[in-house]
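Peer 1: Here it is, the structure, as structure tokens.
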Amino acid sequence: MPRPILIIGAGIAGLWTALKLAPQPVILLTGAPLGKGAATGWAQGGVAVAAGPGDSADAHRQDTLAAGAGLTRPEAARALASGISGEIKALRALGVPFEEDADGQLAMGLEAAHSFPRIAHIKGDQAGALILETLIREVRAAPHITLREGWHATALLPATDGGCAGVVARTPAGDRQTITARQTVLATGGYGGLFADTTSPRGARGQAMAMVARLGGEIRNPEFVQFHPTAIRTGADPLPLATEALRGDGAVLVDQTGRSITAGQDLAARDIVARAVHRALQTGGGAYLDARRAVGERFPDAFPGVFAACMAAGIDPRRNPIPVAPAAHYTMGGIATDIDGRTTIGGLWAVGECACNGLHGANRLASNSLAEGLVFGHRAAKALRSATRPRFTPLPASEPPVLPRIALNGLRRAMSDLAGVTRSEAGLRDLISRIGRLQARYGDANEIRVAGMIAQAALARTESRGGHYREDWPQTAARAIDTRLNPVLEARLVAAE
């Protein structure tokens, strides 16, 4: 019997890839029970699709390119914009309740940097949660998928052909197991959890990036982190999110006196708005999202997730502005892949936020993330069907050390303070020194390796572009370049393809 395809991760990209591989046998490995720990379930905005009057896939492609600030690969933007309508049709056939207009067509909402209303919502801010619920139901019923819930992948298995042979994993009981596979797919999410101020799951700390780097794979553009401008300042970890759809509905960003902090540009690209909110907080004026007039009494029904988070923190958004702050939200860099998910290592693939296929460039266009998981998960499944490789034998692999919680918390705070919304050479060199001291004490833990890649790449990029803003290099270079890192954390800049 042939070895199965192994998928690690159970967010939208991993689940959709697994479903689209039917009837090929799949082992789906997830560190938490299905539905727990995946960022997909927290996605509030919706799915970007050109389905409204006057809109087109080409306009969606152009907006994606513009948001990416010169680093978005045209073929990736084209694949997403042209492919997402088919994926939404498939989701609707599974019963996902996208909002509709009076004619039964998808109802379109507006978000930042889109030239048309093109965000398909589900019960206000419940898109991620309800898509995830549907996919989990389908996966549990799929006979070709074997679930391994509570199994944590800790290292990739090298193979005699120079590629990947599967993973080392820890069972729910903590026992070490090796799982071999003819093809391995990483779908483990991003690395936003490496920052203290984040909307990402705390477990999203770039573990797959570290594993790929150890096996010799290429990491691309890890310095590009998108900071969402409207995380709700509750003191929670992670911070709850106030979806951008609120601003699409007319909510405004103001200081404590009620004056606009964005000069009225509340739907500018996220990096611009995030810096405006950051400046307002730094100068002591405060930053608030005022939805009283735009949403008001509709809040509980229109945005139930945001309303519940606010009320839990003692904030009634119908009566008071919501205190907000920028927080690490989405990571554009990651494991280098092509648009079908192939990495630079034979037999190893990556999809979703852990992958860097060139779609998001330097700054993700709002609501392209769920769309990415669907379109590129499907593309990867299609390519995996015909993927072949020579006979190989697994080789031994060692697991990395575990970073103690107190050290991890200190690293996360340093990442937010020194590699956050704004960066500088002095701050990044300080951060690299701190990371070096952690490495000398604790060894090559995943978080130390990933933080080092982010900091080295941010230091090497002497310009400001998209989500990467250098106070000492505020201008954008004339030539768009990619950062590519080798396994020893040496950043080198190369011409973007």
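The values are calculated or read from the model by the stated rules, or taken from the named source; none is laboratory data. These numbers were taken from a predicted model, which means no experiment stands behind them. Don't worry about glycine lacking a Cβ; one is built from the backbone with ideal geometry, like all the others, and counts go over all protein chains shown. Please note that ligands, DNA and RNA were not included when accessible areas were found on the heavy atoms of the full protein model with its side chains. Shrake-Rupley method; radii C 1.70, N 1.55, O 1.52, S 1.80 Å.
Peer 1: Would you tally the residues in the range 152-180 being among the acidic types (Asp, Glu) and modelled with pLDDT of 95 or more?
Peer 2: 1
Peer 1: Would you confirm, using the coordinates I've provided, whether Arg364 is surrounded by fewer than 15 Cβ atoms within 10 Å (Cβ to Cβ) and among the basic types (Lys, Arg)?
Peer 2: Considered against the rule, which asks whether it is surrounded by fewer than 15 Cβ atoms within 10 Å (Cβ to Cβ) and among the basic types (Lys, Arg), Arg364 comes out as no.
Peer 1: Name the single residue that is farthest from Ile339 (Cα to Cα) among those in the range 359-387 being among the aliphatic types (A, V, I, L, M), in a loop (DSSP other than H, G, I, E, B) and touching a helix residue (DSSP H, G or I) at 6+ places or on another chain (Cβ under 6 Å).
Peer 2: Pass one, the range 359-387, residues among the aliphatic types (A, V, I, L, M): 359, 362, 365-366, 370-371, 374-375, 380-381, 383-384, 387.
Checking the rest, the ones that are also in a loop (DSSP other than H, G, I, E, B) come to 359, 362, 365-366, 387.
This time we only want the ones that are touching a helix residue (DSSP H, G or I) at 6+ places or on another chain (Cβ under 6 Å), so: 359, 365.
Working: Leu359: 8, Leu365: 17 Å.
Within the range 359-387, the match that is farthest from Ile339 (Cα to Cα) is Leu365.
Peer 1: If you check Ile345, Ile339, Ile335, Ile315, which single one turns out to be open to solvent by 20 Å² or more (accessible area, probe 1.4 Å), within 30 Å of Glu223 (Cα to Cα), modelled with pLDDT of 95 or more and not in a helix (DSSP H, G or I)?
Peer 2: Ile339
Peer 1: May I ask you to say which residue of Arg247, Arg214 is farther than 27 Å from Thr72 by Cβ, charged (D, E, K, R) and crowded, with 18+ Cβ neighbours inside 10 Å?
Peer 2: None of the other options fit; the residue is Arg214.
Peer 1: While we're here: Restricting to the range 250-298, count the residues that are open to solvent by 50 Å² or more (accessible area, probe 1.4 Å), of a type in the set (A, V, I, L, M) and at pLDDT 95 or above.
Peer 2: Residues meeting the conditions: 2.
Peer 1: Can you pull out the residues in the range 473-497 that are out of contact with any strand residue (DSSP E or B) (no Cβ under 8 Å at 6 or more places or on another chain) and either open to solvent by less than 40 Å² (accessible area, probe 1.4 Å) or at pLDDT below 95 (or both)?
Peer 2: If we filter the range 473-497 for residues that are out of contact with any strand residue (DSSP E or B) (no Cβ under 8 Å at 6 or more places or on another chain), which is where we start, we get 473-475, 478, 487-490.
Hits for the range 473-497 are Pro487, Val488, Leu489, Glu490.
Peer 1: Quick check on the range 235-242. Is at least one of its residues in a helix (DSSP H, G or I), open to solvent by 20 Å² or more (accessible area, probe 1.4 Å) and more than 30 Å from Ala155 (Cβ to Cβ)?
Peer 2: So far as the range 235-242 goes, no, none of its residues is in a helix (DSSP H, G or I), open to solvent by 20 Å² or more (accessible area, probe 1.4 Å) and more than 30 Å from Ala155 (Cβ to Cβ).
Peer 1: Just one of the numbered conditions (1) at pLDDT below 95; (2) within 30 Å of His278 (Cα to Cα); (3) not aliphatic (A, V, I, L, M) is not true of Thr388; which one?
Peer 2: Among (1) at pLDDT below 95; (2) within 30 Å of His278 (Cα to Cα); (3) not aliphatic (A, V, I, L, M), Thr388 violates only (2).
Peer 1: Got at least one residue in the range 84-95 being within 14 Å of Glu372 (Cβ to Cβ), in a loop (DSSP other than H, G, I, E, B), open to solvent by less than 30 Å² (accessible area, probe 1.4 Å) and among the charged types (D, E, K, R)?
Peer 2: Checked the range 84-95: no residue is within 14 Å of Glu372 (Cβ to Cβ), in a loop (DSSP other than H, G, I, E, B), open to solvent by less than 30 Å² (accessible area, probe 1.4 Å) and among the charged types (D, E, K, R).
Peer 1: Hey, another quick one. Checking Gly11 against (1) under 27 Å from Arg385 (Cβ atoms); (2) touching a residue at least 40 places away in the same chain (Cβ under 8 Å); (3) open to solvent by 30 Å² or more (accessible area, probe 1.4 Å): exactly one of these is not met. Which one?
Peer 2: (3)
Peer 1: Of the residues Val421, Val402, which is closer than 18 Å to Ala328 by Cβ, of a type in the set (Val, Ile, Thr), in contact (Cβ under 8 Å) with a residue 40 or more places away in the chain and in contact with a Phe, Trp or Tyr (Cβ under 9 Å, 6 or more places away or on another chain)? I'd like the intermediate steps shown before the answer.
Peer 2: Details: Val402 fails: closer than 18 Å to Ala328 by Cβ.
Of the residues listed, the single one that is closer than 18 Å to Ala328 by Cβ, of a type in the set (Val, Ile, Thr), in contact (Cβ under 8 Å) with a residue 40 or more places away in the chain and in contact with a Phe, Trp or Tyr (Cβ under 9 Å, 6 or more places away or on another chain) is Val421.
Peer 1: Something else now. Which condition breaks for Glu399 when tested against (1) in a helix (DSSP H, G or I); (2) open to solvent by 50 Å² or more (accessible area, probe 1.4 Å)?
Peer 2: (1)
Peer 1: Just give me the residues in the range 25-50 being open to solvent by 10 Å² or more (accessible area, probe 1.4 Å), out of contact with any Phe, Trp or Tyr (no Cβ under 9 Å at 6 or more places or on another chain) and at pLDDT 95 or above, in sequence order.
Peer 2: Pro25, Ile27
Peer 1: Further question on the same structure: Quick check on the range 102-137: of everything there that is open to solvent by less than 30 Å² (accessible area, probe 1.4 Å) and among the acidic types (Asp, Glu), which residue is nearest to Ala366 (Cα to Cα)?
Peer 2: If we take residues in the range 102-137 being open to solvent by less than 30 Å² (accessible area, probe 1.4 Å) and among the acidic types (Asp, Glu), then Glu111 is nearest to Ala366 (Cα to Cα).
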